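Below is one structure, written out as structure tokens; the observations come after it.
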Amino acid sequence: MNSTETWLRCGGWPPPLPASSLPRTPGRAEDFVEPLNNRSRLSTGSFGTVPAGGSGAFLGLGEHSSRAPSVRSLAESGHHLAEPRAMEMYNGHSTLLGHHAGGFDDIDLPSAVKYLIASDPNLQVLGAAYLQHKCYSDSSAKKQARSLQAMPKLVKLFNSPNQEVQRHATGAMRNLIYDNAENKLALVEENGIYELMRTLREPDDELRKNVTGILWNLSSSDNLKDRLARDTLEQLTDLVLVPLSGLGGSGVIQQNPSEAEIFYNSTGFLRNLSSASQQTRQKMRECHGLVDSMIHYVNSSLEVGKSEDKSVENAVCVLRNLSYRLYDEMPPSSLQRLEGHRRNAGGTVTGELVGCFSPQSKKAREHYLNADIVTFTEVSKDPKGMEWLWNPQIVGIYNRLLQRCELNKHTTEAASGALQNITAGDRRWAGVLSRLALEQERILNPVLDRVRTADHHQLRSLTGLIRNLSRHARNKDEMSTKVVSHLIEKLPGSVGDKAPPADVIVNIIAVLNNLVVESPMAARDIVYFDGLRKLFFIKKRRDSSDNEKSSRAAASLLGNMWQYTKLHRDFKMKGYRKEDFLSL
């Protein structure tokens with residue numbers, strides 16, 4: 001069996017600081033969602049569960065055109081958060097320009113860079129202000145500034161004893177590195193990360209906004225993510241995530257507008273990092289307070305009706321990415337505890353017999369329920385850190401997001417992707433959480449509500465989740481009555497029909513197959529809701545490699561449907577023969 005997960009290449013860049021007068025201080029395949037970077041990998045030869053993960057399962061943010069530090073929606077740049085754009089200069093400092101005759105008119109880049117090493121803080125501010133202004137959207141100016149050695153000079157000013165110099169130096173750097181890989185690397189090579197983390201300790205919100213914006217911009221470069229994780233995570237968590245998430249102190253989120261922006265920049269930074277390597281995912285999971293802060297912020301936001309919040313979106317994307325390949329990457333001791341009550345290492349819930357009872361029988365379901373409860377009670381007490389990622393309580397959090405978040409489709413896509421990841425695969429705990437989602441959280445209805453209006457990106461994670469649930473479900477008949485009609489509706493039946501992406505079609509057929517192999521009701525409902533016509537259309541359509549995959553999946557499902565002899569009459573009445581079902 002092939003197991004796939006999905007992740008979001010979620011992250012992004014804060015916008016550059018806008019330029020104005022003076023600087024102002026983003027069969028049985030198991031699917032999981034990969035960290036938003038790669039495309040989800042689905043197995044089409046067998047049907048099972050699917051994780052959400054890898055690059056590209058979830059959209060990140062593309063660069064955005066707004067002049068304020070914010071991030072555009074996920075769906076535009078292949079699942080990667082764009083850099084927050086450059087920012088305008090500070091308001092309230094026009095007097096400095098007024099004292100300098102003609103404002104910026106008689107300054108050029110070489111002069112501005114020289115001002116950075118002047119002994120007069122006012123000249124340092126003026127030089128940094130000009131750089132920020134000039135580099136707002138001028139790529140040639142960014143290149144020239146780097147050649148004039150502006151980068152090391154600005155880094156030295158990050159921790160100047162003069163607060164205005166600090167603000168303007170970091171504001172200029174934020175614009176210099178925006179959408180410029182060479183300047184990002186130059187900043188890092190000048191010991192810039194260390195100096196930024198020192199600056200982050202300053203009790204000045206304008207300065208902290210710039211620092212977290214710079215970190216977010218840096219995190220858009222794949223080659224810097226592992227180093228950023230190594231050098232920043234612990235301090236960022238202690239200085240920003242824990243206090244501003246409400247985790248420390250009163251337990252309530254209390255953010256002024258500047259603190260909200262600092263937290264947003266920081267979660268955008270984490271969102272980008274979480275789509276990096278296994279090593280970085282592990283470091284993030286293990287970072288004391290990081291996962292707890294994300295969980296606490298999401299939970300607290302749900303309690304006060306702020307599920308649409310953009311920092312909630314970032315936090316859920318982080319959780320989704322950290323759930324990618326979770327059972328393969330979690331500590332062996334934790335995995336052993338979760339797998340400890342399994343009857344045998346190779347057994348799965350689907351198709352396994354309990355004594356002389358079939359998997360659908362009442363006694364078999366009671367057997368599994370009792371076994372689930374034993375393990376459930378072991379892990380449900382006061383989770384800490386990465387334990388949240390597989391704790392039963394997390395299912396309820398994701399379910400509430402699906403139900404309450406009406407406008408932000410990226411948040412609900414991330415929530416369904418995270419659920420897809422933790423229900424993916426043959427591991428016993430994937431089955432436990434699947435059945436918890438179905439039987440206690442009753443998650444099918446909110447998921448199906450999303451399926452009705454979902455775009456293609458959302459459909460990938462939603463149908464991947466349903467695919468996993470259909471494999472682990474105890475009562476396939478009950479699930480069939482709820483999902484078959486909704487899923488058949490999404491399949492194309494003729495050349496002119498608007499079809500979802502091939503991986504969505506494969507997911508849908510995998511769900512139907514998982515149900516058909518154990519539920520005559522599923523096969524009956526496929527016939528009743530005009531599924532045969534659509535399945536035969538998909539089976540015959542082999543004009544591309546993607547269509548070939550969905551064709552093979554449809555052929556497998558139709559072959560299984562032929563096994564229900566009581567339906568042969570219905571098949572013939574619709575004009576189909578045995579050869580149609582059994583031919584490849």
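The values are calculated or read from the model by the stated rules, or taken from the named source; none is laboratory data. Given the structure is predicted, the values throughout are model-derived calculations rather than measurements. Reconstructed Cβ throughout: ideal geometry from the backbone, glycine too, with neighbour counts over all protein chains shown. Just so you know, the surface numbers come from the protein's heavy atoms only, side chains and all, with ligands and any DNA or RNA stripped out. Shrake-Rupley method; radii C 1.70, N 1.55, O 1.52, S 1.80 Å.
Rounded to the nearest 10 Å², what accessible area does D108 show when all protein chains are kept and the probe is 1.4 Å?
70
Structure shown: which of K498/K574; K225/K490; K283/K490 lie over 28 Å apart, alpha-carbon to alpha-carbon? Walk me through the intermediate numbers first.
Details: K498/K574 24 Å; K225/K490 38 Å; K283/K490 40 Å.
Beyond 28 Å between Cα atoms: K225/K490; K283/K490.
Sequence neighbours fewer than 8 away in the same chain don't count; with that in mind, list the aspartates and glutamates whose C-alpha is under 18 Å from K539.
Those aspartates and glutamates meeting the cut-off are E489, D497, D503, D530, E548, E579, D580.
Aspartates and glutamates within cross-link reach of K409: Cα-Cα under 17 Å, excluding same-chain residues under 8 positions apart?
Excluding near neighbours in sequence, the set is E76, E308, D309, E313, D449, D455.
For K143, list the lysines whose Cα falls under 17 Å from its own Cα; do not include residues on the same chain fewer than 8 positions away.
Cross-link targets: K114, K134, K153, K184.
Apply 1/(1 + (r/R0)^6) to the Cβ-Cβ distance of R452 and S111, taking R0 = 51 Å, and write down the FRET efficiency to the nearest 0.05.
Numbers: r = 61 Å, r/R0 = 1.20.
The calculated FRET efficiency here is 0.25.
Just name one of A229, N180, V211: the one whose Cα is farthest towards the positive end of the charge dipole of region 173-229 (beta-carbon charges, Lys/Arg +1, Asp/Glu -1).
Toward the positive end, the furthest listed residue is A229.
How many nm separate the modelled label positions at K384 and S485, each set 7 Å beyond the Cα in the direction of the Cβ?
5.0
Quote the accessible area belonging to L185 in square angstrom, nearest 10, computed with a 1.4 Å probe and with ligands, DNA and RNA left uncounted.
Counting only protein heavy atoms, L185 exposes about 70 Å² to solvent.
Stretch E303-K578 to full length: gain in nm at 0.36 nm per residue minus the Cα-Cα span? Walk me through the numbers on the way to the answer.
On the way: separation 275, 0.36 × 275 = 99.00 nm, distance 5.59 nm.
Roughly 93.4 nm would be gained on extension.
Taking a probe of 1.4 angstrom, what is the accessible area of E329 in Å², to the nearest 10?
Per-residue accessible area (E329): approximately 10 Å².
With the crude spin-label approximation of a point 7 Å out along Cα→Cβ, what separation in nm comes out for Q563 versus R533?
2.8
With label points built 7 Å along Cα→Cβ from the Cα atoms of R201 and Q279, find their separation and express it in nm.
Between R201 and Q279, the label points sit 2.7 nm apart.
When the solvent-accessible surface of protein heavy atoms is calculated with a 1.4 angstrom probe, in what order do K572, K142 fall, highest first? The partial results should precede the final answer.
Numbers: K572 140, K142 10 Å².
Sorted by accessible area, descending: K572, K142.
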